[in-house]
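The values are calculated or read from the model by the stated rules, or taken from the named source; none is laboratory data. All of these numbers come straight from a predicted model, not from anything done at the bench. When we count neighbours, we look across all protein chains shown, and the Cβ atoms used for this are built from the backbone with ideal geometry, even at glycine. The accessibility values were calculated without ligands, DNA or RNA, using every heavy atom of the protein model including side chains. Shrake-Rupley method; radii C 1.70, N 1.55, O 1.52, S 1.80 Å.
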Amino acid sequence: MRYEIRVDGHLSEPLIKVFPELDHVVMSGQTLLFGHVVDEAHLYGLLARCQSLGLRVLEMRQVPE
């Protein structure tokens with residue numbers, strides 16, 4: 001499964017490194033993290049990382065392969 005997670009703000013390089021399995025694009029005051037998610041546990045782990053870092057998730061969606 002491929003997912004996109006859009007978070008508020010421009011993530012710094014150290015924060016980007018917390019998500020090594022995802023690629024990213026910074027645009028218009030937001031950062032888009034995207035990539036392959038293995039299963040639901042992986043997805044919830046990504047969201048837990050966002051929460052633990054205080055990131056505001058604006059959107060999360062599954063995208064076609």
- Note on the structure: Contact list, first residue from region 1-23 and of a type in the set (Lys, Arg), second anywhere and open to solvent by 50 Å² or more (accessible area, probe 1.4 Å) and part of a loop (DSSP other than H, G, I, E, B), beta-carbon distance below 9 Å, six or more apart or interchain, is Arg2/Pro64; Arg2/Glu65
- Elements of type strands (runs of 3 or more DSSP E) in the chain, at least 1 residues being surrounded by 10 or more Cβ atoms within 10 Å (Cβ to Cβ), among the hydroxyl-bearing types (Ser, Thr, Tyr) and out of contact with any helix residue (DSSP H, G or I) (no Cβ under 7 Å at 6 or more places or on another chain): 30-36
